[in-house]
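FYI, it's all coordinate maths here, none of it is from the lab. Because the structure is predicted, anything quoted here is derived from the model rather than measured. Quick reminder, even Gly has a Cβ in these numbers, built from the backbone with ideal geometry, and neighbours come from all protein chains shown.
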Amino acid sequence: MSSAPASLIAAPSPPPPAPVRRSESSASWRLTDRIGLGFAWLLGLLFCAIAVAIVGYFLVEGLRYLRPSLLVTNPAAGVSESQTGGFLDPLLGTVIISAMAMAIALPAGIAIAVWLSEFGRPAALARVAESGIEMLAGTPSVVLALFGTLLFEAPALGFLSQTSHGIVLGQSFFAASAMLSLVALPMVVATVREGLQAIPSHVREASYAVGKTKIATTRRVLLPAARPSVITGAMLGVGRVIGDTAIVLLLLGGTLTFSSATSTPLLGTLRGTGDTLTGYIYYNAPTGDGNQPSKAYAAAFVLMLIVLTLNVGVDFAVRRSRAGGWS
Amino acid sequence: MKKGMTLRSRTRTFVGLLAAIPALALPAAAGATTLFGSGSSAEQPILNVLFRGYSQAHHHIKFNFLPDGGNAGVKDVQAGRREFAVNTRPPLPSDSGTTQFKLFLDGLCVAVNPSNSLSNLSIAQAKDIFTGVDTSWSQVGGSNLTSTIDPVGRNSSAGSYTFFQSAVLGGKTQSSNVHPVTSDGLVATAVHGDPNAIGYVGLAHSGKGSGIKPVELNGVACDTANIKNETYPLFRFIWGVVPTSHPSLQVENFIEWVRTSKAAGQIISRAGAVPAFNK
Amino acid sequence: MDDDILLEEEQGWSQDQRAEYMLGALVCVVVALLLAMLIFVFHEAWPSFAHNGFAWFGAGGSVDSQIQAIFTSGDLKEAAVYTFHAWPLIWSTILTTGAAVVIAFVSSLFVAVFIVEFAPIRLRRVLEPVVRLLASVPSVIYGLVGVLVLVPFIGNHLITQHEKASVTPIIQLSGSSVLAAVLILTVMIAPIMVAIFAEGLRAVPRGWLEGSLALGVNRWRTFWKVAVRTARPVLVAGTVLATARALGEAVMLSMVSGGVGFAPNPADGLIFLFEPSRPLAATIISNTEQLSSPPMKHTLYAIAAVLLFSAAMLSLIGWAAKQPMKRYGVVA
């Protein structure tokens with residue numbers, strides 16, 4: 001007891017030494033392991049280099065040719081570069097098509113993912129649905145485009161595109177978006193399903209314990225918790241939709257500007273034909289018929305900017321929603 | 001609870017904004033007629049300018065052109081899917097049920113890389129090159145190169161290929177060592193990038209800024225004057241195709257305008273083609 | 001009180017039932033649509049298969065002249081010609097897709113391991129967004145880079161005059177070749193694989209790795225022997241996805257692979273890499289202008305049916321490959 005005040009007066013014991021973080025040096029490894037690590041470093045840096053090269057090439061060329069007026073002028077038929085206007089219509093076309101494709105694919109994908117992970121009876125239907133979605137994920141977009149030409153030229157679907165002398169033409173924003181939603185669907189289903197399955201079962205059980213129905217649980221508890229996956233799935237889907245060329249070439253009609261079917265403001269445009277940035281780039285590149293390479297480079301730059309912004313925006317959104325998640 | 005409500009209102013405003021975007025696209029004028037056509041994708045740039053010129057003069061007419069290829073365009077007209085088509089090859093017996101009009105002139109230039117000193121080629125030599133008989137530049141007189149010839153051509157569904165086949169190759173198929181590409185632009189790119197290349201492109205793609213050098217055929221240069229007086233061997237007409245029974249009157253008016261009006265003639269020459277009948 | 005609870009339970013139950021039926025109906029609609037697509041495509045493809053039988057997949061004659069014969073026969077009112085031996089196209093597809101997937105798999109695995117475990121923090125923060133960005137670049141951009149940069153480089157700097165002269169009347173060794181196609185395809189599918197592999201590797205329970213480290217195994221071996229082995233189902237899934245993407249790539253490959261229906265011959269030595277070819281999907285897209293001729297339409301749909309079938313086979317192979325891995329209790 002008397003030592004206690006002494007120990008209090010005495011110098012406090014030095015703090016325990018901080019644990020020395022000794023990261024393992026690769027010098028102690030076997031040769032094959034070191035070669036492996038070197039190979040991994042090499043490939044990682046090569047990867048970066050290729051990315052920088054591709055993005056940098058289009059950045060440089062695009063900055064050389066991009067003028068803000070291009071973004072707000074409609075494309076015009078012309079011969080020389082100064083007469084052909086900008087690419088406002090293809091830009092809007094890209095936005096419209098991705099919005100419409102995701103408007104179909106996102107709700108449908110979430111619904112299918114919810115059914116597969118929460119319900120899933122009868123089991124045979126679940127298995128068929130799973131294999132179907134997987135097969136759809138592997139289907140080339142050319143095949144979907146071919147099928148789309150068959151489908152939308154049927155007289156019953158004439159209201160989705162334009163009709164000329166009783167024959168359905170089959171190219172419109174509706175047609176292209178419908179097929180593009182099929183392209184985006186497997187991504188959404190896979191990611192949302194993974195997100196839902198990652199939620200521990202005690203969350204569901206707690207919700208059932210307070211009397212919530214399955215569907216209410218899904219709507220109010222599970223889906224909000226799986227929001228990062230939903231956003232990731234949506235972003236993956238949009239990425240694929242924006243980059244698709246085959247479906248756009250066959251099902252969108254390739255007109256320079258929006259060519260509305262009727263004079264109704266919204267429906268007319270969607271039933272009509274138009275173009276997207278990818279189609280515009282394909283047409284005007286040095287390799288296409290339009291022969292306006294500077295405009296093509298500018299458009300490619302804008303397209304990459306859109307993709308970059310998408311990536312960054314989604315990163316941000318996912319990080320924000322993960323902040324309140326189940327860590 | 002609060003988060004859900006703001007999410008819903010946020011979604012609503014987002015959807016509303018998206019729905020407004022197509023409205024930015026100017027809706028068609030009330031009462032506008034749309035004329036549907038299809039055909040050659042190589043002629044699409046010049047056709048778009050012609051459409052615009054015609055629509056400016058006749059405000060209620062709009063055009064919708066699907067570039068699915070000249071041959072497919074004729075089929076579309078035969079089946080009634082389209083009201084008119086534009087083709088780059090002369091009428092064939094299989095084009096029954098259609099009436100075809102000559103619209104304007106164009107030429108197929110044979111071009112080499114600027115580093116090749118070749119300036120003149122005979123039709124027979126061109127045939128030998130593209131059928132695989134001549135394989136080295138040393139076999140072709142007038143060229144400073146001694147390397148292998150790299151011929152570049154069009155794919156088998158192209159009107160340019162059919163025309164080249166009948167006019168130069170005498171009906172034979174292109175040799176398998178000709179690199180078939182799917183557009184004139186790709187031919188120009190390939191010839192521009194390869195010093196040993198030779199290819200055939202439309203007049204519009206072989207101009208001064210294209211980076212390739214058109215050669216004379218049988219001593220005649222590939223330019224608008226020689227095409228207009230039809231002395232250049234590979235001149236061709238661009239054809240407008242309409243159905244024989246019940247052609248649309250507006251389409252016929254358009255075709256007449258393209259053929260004979262002064263405005264159309266100016267558009268055609270500025271685009272790099274050659275007006276044929278315009279005043 | 002009890003009646004109220006019972007009533008609430010009943011309402012809750014039928015609410016669930018209703019939701020289940022509605023969602024199930026939606027799933028049925030989507031499945032029906034997919035089935036309809038399968039049926040339509042095979043129905044349109046049937047005449048081409050019926051006329052050729054199994055010789056459809058074999059070799060025989062020049063594919064390009066067969067295509068032209070099919071197209072022109074649809075023009076004339078004579079009997080339609082359907083003769084088609086697609087082996088050069090099939091071989092080209094197998095070659096480009098297979099080589100690209102193999103190269104991409106090896107490199108992506110190393111890059112994924114690097115990103116997840118061995119890269120310094122700053123480099124990791126740069127590499128992750130780079131991978132995601134590359135994975136979403138549209139294929140048109142890759143095609144343009146290929147045609148404008150890679151193809152002229154190969155044609156002018158890698159192929160020697162002697163090689164060109166040795167094959168000249170038969171094929172042309174321009175830069176559009178097997179090499180260009182495989183390189184661009186690899187660069188296109190590698191980011192997808194890296195992203196999927198990295199996610200799978202990150203999901204390996206940390207404790208397993210720490211246990212191995214505690215036993216004295218070095219970091220490299222630990223990661224390979226434990227994490228990569230555990231993540232094998234993810235590796236399979238990523239490879240299947242990337243292969244499907246490579247199979248379906250049409251527009252870009254039509255620009256850089258050579259455009260000729262020629263079957264590259266490995267026995268040719270180094271020249272083999274520079275020989276032109278044309279995979280199945282690129283054949284469809286370069287012949288869409290001929291869809292109006294009925295025999296050509298049936299032939300193109302037959303090619304599409306083969307592609308659909310390979311996609312189905314791919315998922316089947318993926319599922320089969322994951323089955324033995326399920327023993328280890330890892331969620332596939």
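Structure values in brief
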{"read-out": "Of A:133, A:175, A:272, farthest towards positive along the dipole that unit charges on Lys, Arg, Asp, Glu beta carbons give the stretch A:66-323", "value": "A:133"}
{"read-out": "P(r), alpha carbons of chain A - 10 Å bins starting at zero, rounded %", "value": "5, 18, 22, 21, 15, 9, 4, 3, 2, 1, 0, 0"}
{"read-out": "Size of electric dipole in the stretch A:66-323: Cβ of Lys, Arg +1 and of Asp, Glu -1, about Cα centre, debye, nearest 20", "value": "1060 debye"}
{"read-out": "Over chain A: helical MRE at 222 nm, DSSP H runs n ≥ 4 each giving -39500 (n - 2.57), nearest 500", "value": "-21000 deg cm²/dmol"}
{"read-out": "Values of log10 I(q)/I(0), in the order q = 0.08, 0.16, 0.19 Å⁻¹, for the stretch C:120-260 under a Debye, Cα-only, solvent-free model", "value": "-0.35, -0.90, -1.07"}
{"read-out": "Cα Rg, Dmax (largest Cα-Cα span) when computed across chain B, Å", "value": "23.1, 85"}
{"read-out": "Taking only Cα atoms of the stretch A:178-248, radius of gyration then Dmax in Å", "value": "15.3, 51"}
{"read-out": "Computed FRET value (nearest 0.05) for residue C:102 with residue A:39, which takes r as the C-beta separation and R₀ as 22 Å", "value": "0.90"}
{"read-out": "Debye intensity ratio I(q)/I(0), log10, the protein assembly as shown, q values 0.06 Å⁻¹ (C-alpha model)", "value": "-0.46"}
{"read-out": "Three-way shape call for the stretch A:260-325 based on the alpha-carbon gyration tensor, with the a/c threshold at 1.5", "value": "oblate"}
{"read-out": "Computed helical MRE - 222 nm, chain B, DSSP H runs ≥ 4 contributing -39500 (n - 2.57), nearest 500", "value": "-11000 deg cm²/dmol"}
{"read-out": "Hull volume in cubic angstrom per residue (convex hull over the Cα atoms of the stretch A:106-172)", "value": "117 Å³"}
{"read-out": "Under 17 Å from residue A:212, Cα to Cα: aspartates and glutamates that are on another chain or at least 8 residues apart", "value": "A:118, C:4, C:8, C:9, C:10, C:16, C:20"}
{"read-out": "For the stretch B:142-151, Karplus couplings with θ = phi - 60° (6.51, -1.76, 1.60), whole Hz, Gly/Pro x", "value": "x, 10, 8, 8, 10, 8, 5, 7, 10, x"}
{"read-out": "Residue exposure sequence - C:44, B:83 - by fewest surrounding Cβ within 10 Å", "value": "C:44, B:83"}
{"read-out": "Neighbouring partner chain Cβ atoms per residue of A:127-134, average, 10 Å criterion", "value": "6"}
{"read-out": "Cys residues of the protein assembly as shown counted as unpaired, since no other Cys beta-carbon is under 4.7 Å", "value": "A:48, C:28"}
{"read-out": "Amide hydrogen neighbours beyond the local backbone of residue B:181, cut-off 5 Å, H modeled", "value": "B:153, B:154, B:155"}
{"read-out": "Check: chain C dipole with +1 on Lys, Arg Cβ and -1 on Asp, Glu Cβ, in debye", "value": "1600 debye"}
{"read-out": "Sum of -39500 (n - 2.57) over DSSP H runs of 4+, divided by residues of chain C (222 nm, nearest 500)", "value": "-21500 deg cm²/dmol"}
{"read-out": "Phi-based couplings in Hz for the stretch C:256-264 (Karplus 6.51, -1.76, 1.60; Gly and Pro marked x)", "value": "10, 9, x, x, 10, x, 10, 9, x"}
{"read-out": "Cβ crowding within 10 Å averaged over residues, with C:59-65, B:124-130, B:176-182, A:215-221 ranked highest first", "value": "B:176-182, B:124-130, A:215-221, C:59-65"}
{"read-out": "Filter on B:172/B:228; B:172/B:208; B:228/B:262 - keep pairs with C-alpha separation over 23 Å", "value": "B:172/B:228; B:172/B:208"}
{"read-out": "Considering only the protein assembly as shown, percent of DSSP beta bridges that pair antiparallel, nearest 5", "value": "60 percent"}
{"read-out": "Ranked packing of B:161-171, B:52-62, most packed first, by mean Cβ within 10 Å", "value": "B:161-171, B:52-62"}
{"read-out": "Helix C:178-202 axis, angle to chain C major axis (alpha carbon atoms, nearest 10°)", "value": "0 degrees"}
{"read-out": "Simple Cβ-charge dipole of the stretch C:122-217, Lys/Arg +1 and Asp/Glu -1, about Cα centre, in debye nearest 20", "value": "300 debye"}
{"read-out": "Cβ neighbours within 10 Å from other chains - mean over C:146-156", "value": "4"}
{"read-out": "Built amide H within the under 5 Å cut-off of residue B:38, gap 5+", "value": "B:66, B:84, B:85, B:86"}
{"read-out": "Relative exposure of A:48, B:109, judged by other C-beta atoms within 10 Å (fewest first)", "value": "A:48, B:109"}
{"read-out": "Calculated FRET value between residue B:231 and residue B:33, using beta carbons and R₀ = 41 Å, to 0.05", "value": "0.50"}
{"read-out": "Tensor-based shape of the stretch B:208-279 (alpha-carbon gyration tensor, a/c under 1.5 rounded, otherwise prolate or oblate)", "value": "prolate"}
{"read-out": "Average beta carbon contacts from partner chains per residue of C:19-32, 10 Å cutoff", "value": "6"}
{"read-out": "0 to 90° range, to nearest 10: angle between helix B:2-24 axis and chain B longest Cα axis", "value": "60 degrees"}
{"read-out": "Positive-end residue of A:187, A:105, A:215, charge dipole of the stretch A:66-323 with Cβ unit charges", "value": "A:215"}
{"read-out": "Angle in degrees between helix B:70-79 and the longest Cα principal axis of chain B, rounded to the nearest 10", "value": "50 degrees"}
{"read-out": "Span-rule helices in chain A, defined as complete DSSP H runs reaching 24 Å or more along the axis (Cα) with Kyte mean at least 1.6", "value": "A:88-114"}
{"read-out": "Global form of the stretch B:97-242, assessed from the alpha-carbon gyration tensor, a/c cut-off 1.5", "value": "prolate"}
{"read-out": "Charge dipole (the stretch A:66-323, unit charges on Cβ, about Cα centre) - positive-most of A:76, A:294, A:305", "value": "A:305"}
{"read-out": "Between the stretch A:274-320 and the stretch C:219-293, the alpha-carbon center distance in angstrom", "value": "24 Å"}
{"read-out": "Residues whose placed amide H lies under 5 Å from that of residue B:104, excluding near-sequence neighbours", "value": "B:238"}
